[in-house]
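A short worksheet on the structure shown next.
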Amino acid sequence: MTSRRPPFALRLVPVILVIAGIAAVFWNRDSIDARGIVAGIQSWGALAGLAFVVLHVGGIMVSVPRWVLALASGALFGAVGGLFWALAGTLAGASIAFHLARFVNAGAIVPHDLPKIGPWIARAEAGGWRTIALLRLTPIPGAAVNYGLGLSALSWGQFALGTLIGSLPYAAIFVQAGAAGRLAMEDGLDAARDPLLIAGAVGLVVLGLSFVVRRKETR
């Protein structure tokens with residue numbers, strides 16, 4: 001027994017909202033920064049973590065740069081708490097976008113028949129969570145990865161595991177940088193040394209992994 005496809009009008013609504021959100025982000029790209037996010041979230045007090053995750057989810061769905069959100073998380077919650085909330089927001093936002101793509105498509109498009117997307121999705125399905133993790137280390141926009149993989153046959157478990165592992169290095173870099181900026185402002189430059197060293201070390205690892213991924217892609 002096949003599942004009933006949701007009405008077209010119902011599936012069209014989230015598409016319009018996401019496109020409008022992406023257009024708004026692009027139009028206001030010069031005014032979207034970590035400082036503004038920090039100022040807005042701080043006013044939530046004890047609910048700041050939850051408010052940040054909600055904002056993070058919306059940001060991921062409309063392609064707000066992930067480094068901006070991670071910087072804000074580090075400045076708001078510190079090196080450890082910032083990493084937790086950044087990864088929580090990343091996983092929640094990516095998962096919602098993943099399922100939204102499946103809801104909107106509802107079998108209307110067979111992605112494997114598309115000349116440019118089909119081979120990419122087939123490789124992701126063959127590699128499972130490992131391929132997803134590697135994709136997170138590339139400069140491909142996260143929104144494109146989330147919505148694209150939502151058209152695949154990958155399970156949510158594979159998607160979530162690959163997203164969590166692959167997002168960890170970038171999140172660590174920018175969360176540490178955000179935490180360092182906060183420490184520098186509050187306690188001086190010496191206090192920011194350790195987070196900056198950690199960010200630099202993780203950055204070198206990410207560069208090395210990205211180099212390996214690109215070499216495999218070109219073979």
Would you mind computing, in nm to one decimal, how far apart the modelled labels at Ser31 and His112 are, each placed 7 Å from Cα along Cα→Cβ? 4.7
Under 13 Å, Cβ to Cβ, from Ile132 - net charge with Lys/Arg +1 and Asp/Glu -1: +2
Which stretch or stretches of region 25-53 have amide N atoms under 20 Å from the point lying 7 Å from Phe84's Cα along the Cα→Cβ direction? 38, 41-53
Compute the semi-axes of the equivalent ellipsoid of region 2-155, taking the square root of 5 times each eigenvalue of the Cα gyration tensor, and list them largest first in whole Å. 30, 18, 14
Give me the number: length gained by fully extending His99 to Glu125, i.e. 0.36 nm times residue separation minus the C-alpha to C-alpha distance, one decimal in nm. 7.8 nm
Could you work out the local net charge near Gly93, counting Lys and Arg as +1, Asp and Glu as -1, over the other residues with Cβ closer than 14 Å to its Cβ? +2
Starting from the alpha-carbon convex hull of region 82-189, give the projected area averaged over all orientations, in nm². 7.3
Region 1-92: D in µm²/s via Stokes-Einstein (Kirkwood Rh, Cα pairs, 10 °C, 1.306 mPa s)? 110
Ordering of 86-96, 115-125 by burial proxy (mean other Cβ atoms within 10 Å per residue, highest first): 86-96, 115-125
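Since every read-out is calculated from the coordinates, none of them should be taken as a lab result. Owing to the predicted nature of the structure, the values given are computational and were not obtained by experimental measurement. Note that each Cβ is placed from the backbone with ideal geometry, even for glycine, and that neighbours are counted across all protein chains shown.
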